[in-house]
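For reference, the structure discussed in these notes is given below.
The values are calculated or read from the model by the stated rules, or taken from the named source; none is laboratory data. Everything numeric here is computed off the predicted structure, so don't read it as measured data. Methodologically, a virtual Cβ is constructed for each residue, glycine included, from the backbone with ideal geometry; neighbour enumeration extends over all protein chains shown.
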Amino acid sequence: MLQTVFSVSALFLSLVLLTGGSTMLGTLVGLRLELEGYSAARTGLILSFHAVGFVLGSIYGVRIIRRVGQIRAFAVFGALACAAILTHPMYVHTDLWIVLRLIVGFCVAGLLLIVESWVNGVATAQTRGTLLGIYLVLFYLASSGGQLIIGLGDPAQFHLFSVAAILVALSLVPLSLTRSVAPQLPEATQVPVRTVANKAPLAVMGAFLSGILLSAFNSIGPIYASRIGLDTQQLSLFMSVAVLSAMVFQFPVGRLSDYVPRNRVVLGLAATGTAAAVATALWGEASLWLLFASAALYVGCAASVYPVSLALAHDQMQHGEIVGTNATLLIGFGVGTIGGPIGASLSIWLLGPSGLFIFAAFVMGALGIIAAYNWTAQKQVPVAQQEQFVAVTPVSTSALMELDPRDETYEAREEAAQEHLSQRATDTPPGATP
C-alpha cells in the first residue's frame, strides 16, 4: 500500500498545486470584479463561464488528450491556463473575462482529467478506495489553502494573479517528470439521464441542485463577505473554513446514510441546510462567529448532498451501471454549477448581500420538498441492501469516478488496462518516451 501511495506522490503534488491555484483564482476574480465596481448580476454572469468551460473540458478534453498524448496535453492545458490567468489583471472587460474564464475552466478540467486518469491507472482493486480517500482530503486541503493565500495580498494588484499562475505552472513539473507509462484513458460510459431519473429521481435532482448550491457559494460567497464588511484576511478565512466543512461533513453524514434510508438523509440535509442559510441571511452580519458557524453548516450540508445522491442512485441501479451512473450525475452537477452564480448574483442584486443565502434557502427548501415527496411516493431499498457510501468531491471528471470501490467491473477493466500498458511498453523503441 505504501509503495502504491509513494508511486502516485508526484501526481498528488500536481493535484495540490493545481487545485490551490485554480480555487484561489475563482475567489480572486470575484473580488477583483467587486473592486472594479461591477454589479453582482454581471459578476455572476462572468463567473458562470468557468463552469461552462469546465463542463466542456470534461466532455471534449478527452479528444485532445487522445490526439496528442497525456504529457503534451498536460503542457498545453497548463500553458493556456497560465496565460489566461495572467491576462486577467492586464485589462478588465466583461467580454474578455468571459473568454478567459471559459479558457481556464476548460483547461482545469483537462488537467484534472489527466491527473485523475493517471491515479486511476496506478490504482488496483485493493488500493482504489484508499487512493480515492487521499485524493478527497488533498483536494479539500489544497482548496482551503488556496483561499488563505488571498489574505496575504491585495486583490486590486496583479500579485495574487501571478501566484495563482505560478501554482498552476508548478503543477506541470511533478507529472511531466514522472517516468511511469501514461495509462489508457477510461472509455466514456454514461447511463442515459432518463434511465437514472426513472429509477432514482431524487438522486438526479440532488446532484443538479447540489451543483447550484455549491457554485453559488463558491463564486458569490466572496462578494457577500466583501459587502457585509469583511476585510481580505477575514474573507479568505471565511471561505477556507467553509471549504474544510465540505470535507468534514461527508464522513459523519456518510456513516449515517449507511444506517438510515438515504432519502431521509437528503431530507435532513435539506432541512438543516435551509435553517443554516436562513440563519446566515438574518443574523450573519451580527456576529463573525455566527457567520462562520452558520455558513460552514450550510456548505457542509450542500457538499454532502452530492455523495449521498450518488449512493442513492447506486441503490437503485444495476451493479454494472455504477460508472455510467457516476458520469451521468457528474454532468448533472456540472450543469447545476452554471446556474448557481447567475441565480445567486441576481438575488444579491435584488435583495442585497443576504440575497445569497435567501437564494440558497430557496434551493435547499426545494430539495427538501422533492425529498419529502420521494419518501412517500417511491419504494425505498431496505437499509440492509443499500450500497456502501463513498465520500467524493463532485469537482472532478469521469476519470476519478472509475476509482469508485462499489464498481464490481473494476477488476476486468484493470486487466484490460494492464494489457494495454504492456503492449505499449513492448512497442516503444529503446530510449524513447512512451
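Counting only helices (runs of 4 or more DSSP H) wholly contained in the stretch 321-434, the ones carrying 3 or more residues that are among the β-branched types (Val, Ile, Thr) and either at pLDDT below 95 or buried (at least 16 other Cβ atoms within 10 Å of the Cβ) (or both) occupy 322-351, 355-377. Within the stretch 65-92, residues that are on the phi > 0 side of the Ramachandran plot have Cβ atoms under 8 Å from residues that are part of a helix (DSSP H, G or I) and aliphatic (A, V, I, L, M) in no pair, counting only partners at least 6 apart in sequence or on another chain.
Can you find even one residue in the stretch 281-292 that is assigned to a helix (DSSP H, G or I) and either closer than 21 Å to Leu209 by Cβ or not assigned by TED's automatic domain parsing to the domain that holds Pro307 (or both)? Yes, the stretch 281-292 contains a residue that is assigned to a helix (DSSP H, G or I) and either closer than 21 Å to Leu209 by Cβ or not assigned by TED's automatic domain parsing to the domain that holds Pro307 (or both). Looking at the stretch 263-312, which of the residues that are under 18 Å from Gly352 (Cβ atoms) and out of contact with any helix residue (DSSP H, G or I) (no Cβ under 6 Å at 6 or more places or on another chain) is modelled with the lowest pLDDT? Per the stated criteria, the residue is Ala286.
Look through the stretch 222-249, keep the residues that are touching a helix residue (DSSP H, G or I) at 6+ places or on another chain (Cβ under 6 Å) and of a type in the set (Gly, Ala, Ser), and return whichever of them is surrounded by the fewest Cβ atoms within 10 Å (Cβ to Cβ). Filtering the stretch 222-249 for residues that are touching a helix residue (DSSP H, G or I) at 6+ places or on another chain (Cβ under 6 Å) and of a type in the set (Gly, Ala, Ser), the one surrounded by the fewest Cβ atoms within 10 Å (Cβ to Cβ) comes out as Ser226. Screening the candidates Ser143, Ser162 for the property of being surrounded by fewer than 20 Cβ atoms within 10 Å (Cβ to Cβ), hydroxyl-bearing (Ser, Thr, Tyr) and touching a helix residue (DSSP H, G or I) at 6+ places or on another chain (Cβ under 8 Å) yields one hit, Ser162. Meeting the requirement of 1 or more residues that are under 18 Å from Ile342 (Cβ atoms), the helices (runs of 4 or more DSSP H) wholly within the stretch 2-107 are 9-35, 40-68.
For the stretch 185-206, filtered to residues that are under 27 Å from Arg72 (Cβ atoms) and in contact with a Gly (Cβ under 7 Å, 6 or more places away or on another chain), the residue that is modelled with the highest pLDDT is Gln190. Can Val122 be described as touching a Pro at 6+ places or on another chain (Cβ under 9 Å) and hydrophobic (A, V, I, L, M, F, W, C)? Considered against the rule, which asks whether it is touching a Pro at 6+ places or on another chain (Cβ under 9 Å) and hydrophobic (A, V, I, L, M, F, W, C), Val122 comes out as yes.
Would you be able to say whether some residue in the stretch 95-102 is farther than 30 Å from Gln233 by Cβ and buried (at least 17 other Cβ atoms within 10 Å of the Cβ)? Yes, the stretch 95-102 contains at least one residue that is farther than 30 Å from Gln233 by Cβ and buried (at least 17 other Cβ atoms within 10 Å of the Cβ). The residue list Gly129, Gly211, Gly133 contains one member that is closer than 30 Å to Ala281 by Cα and either assigned to a helix (DSSP H, G or I) or modelled with pLDDT of 95 or more (or both), which is Gly211.
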